[in-house]
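Colleague: Here you go, one structure.
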Amino acid sequence: MSYETITIDDQERHVAITLNRPDALNSISPTMIEELNAVLDTIEERKTLCALSITGAGRAFCAGVDLKAAQARMQGGDGAAVNNRFLDKLRLLLLRIENFPAPVIAAVNGLALAGGLEMVLACDLVIATQSAKLGDAHANYGLVPGGGSSIRLPRKIGPNRAKQMIYTGDFLPAQQMMNWGLVNEIFPDGDLHKGLAELVSKLSIKSPIGLRRMKRMVDDGQDQSLTAGLRYELSLNAQHALSYDRSEGLAAFNEKRKPDFRGD
């Protein structure tokens, strides 16, 4: 299937999405939201999937919502309501990315601003080029967050640093974002795809169902007390004890061979 605003590299264990509006710095449009949802519809239940990655074509990951289109939506008597419906669709898309069963990797090339930063925040792992810059940027245009950065960013880097980013609108270098805990790894410019391939290769040999359950353990555990979280971890561990992949992993260990995981 061909798309207008994205391209897809669909492998059994890794699906790579490239935001493909380079002339608009891959800004988010209604069509892009629809197309990303369509891709998620087709791969969300794939039990063999170990990773989903998102990157951008050209010199940006994503510069946020398409402000020209946003201004056009605001024209007329019901402009605010139309824009709110768009932001609600964006909110739901980012929730789908955040709750996607397999690990999601943001591969940040160039700028990740406003809605682009909010997409990064919905991902599990973040890699970036040395020249990449990330920022909330809403304040620079008299806007306020609408895709979750006021909620997710403080949880990722702490409230004081999040307020600094949100209030100033500064574009901060990837190294600073790594120091603050948002970026996992930085690669030289030109080596981002190589770095992504290396990370994906590590995940692709793991048990897909094991990755899904570990993601649930970590994400769901953040909203629970320590005692409740430990009980939840034990409950998922007990479910996992019945899986094929656990039995296959132990058999492979005993037989001194590589496991052949199926994802169930």
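The values are calculated or read from the model by the stated rules, or taken from the named source; none is laboratory data. Note that the structure is predicted; figures quoted are calculated from it, not measured. Using ideal geometry, Cβ is built from the backbone for each residue, glycine included, and neighbour counts are taken over all protein chains shown.
Colleague: Could you tell me which residue of region 123-141 is modelled with the lowest pLDDT, considering only residues that are of a type in the set (A, V, I, L, M) and buried (at least 22 other Cβ atoms within 10 Å of the Cβ)? Can you show your working first?
Modeller: So in region 123-141, the residues of a type in the set (A, V, I, L, M) come out as 125-128, 132, 134, 137, 139.
Retained after the next criterion (residues that are buried (at least 22 other Cβ atoms within 10 Å of the Cβ)): 126-128, 132, 134, 137.
Values: V126: 98, I127: 98, A128: 98, A132: 98, L134: 98, A137: 95.
The selected residue is A137.
Colleague: Quick check on K163: is it under 30 Å from R59 (Cβ atoms), surrounded by 12 or more Cβ atoms within 10 Å (Cβ to Cβ) and of a type in the set (K, R)?
Modeller: yes
Colleague: Now, a different point. Determine whether region 249-257 contains at least one residue that is out of contact with any strand residue (DSSP E or B) (no Cβ under 9 Å at 6 or more places or on another chain) and part of a loop (DSSP other than H, G, I, E, B).
Modeller: For region 249-257, residues out of contact with any strand residue (DSSP E or B) (no Cβ under 9 Å at 6 or more places or on another chain) and part of a loop (DSSP other than H, G, I, E, B): present.
Colleague: List pairs: first in region 177-205 and assigned by TED's automatic domain parsing to the domain that holds M165 and touching a residue at least 12 places away in the same chain (Cβ under 8 Å), second charged (D, E, K, R) and in a helix (DSSP H, G or I), Cβ under 6 Å, 6+ apart or cross-chain?
Modeller: Hits for this filter: W180/R161; L182/K156.
Colleague: If I ask for residues that are in contact with a helix residue (DSSP H, G or I) (Cβ under 9 Å, 6 or more places away or on another chain) and within 20 Å of E45 (Cα to Cα), which ones from region 207-235 would you list?
Modeller: Residues satisfying the conditions are S207, P208, I209, G210, L211, R213, M214, R216, M217, D219, D220.
Colleague: Taking R21 as meeting all but one of (1) farther than 28 Å from S201 by Cβ; (2) in contact with a strand residue (DSSP E or B) (Cβ under 7 Å, 6 or more places away or on another chain), write down the number of the exception.
Modeller: The single condition R21 does not satisfy is (2).
Colleague: Is there a residue in region 102-116 that is under 23 Å from Y167 (Cα atoms), at pLDDT 95 or above and in a helix (DSSP H, G or I)?
Modeller: Yes, region 102-116 has at least one match.
Colleague: Does at least one position in region 175-188 carry a residue that is within 17 Å of A106 (Cα to Cα), touching a Phe, Trp or Tyr at 6+ places or on another chain (Cβ under 7 Å) and outside any loop (DSSP other than H, G, I, E, B)?
Modeller: No - not one qualifying residue is present in region 175-188.
Colleague: In this structure, does V144 turn out to be at pLDDT below 95 and either over 30 Å from I209 (Cα atoms) or in contact with a Leu (Cβ under 7 Å, 6 or more places away or on another chain) (or both)?
Modeller: yes
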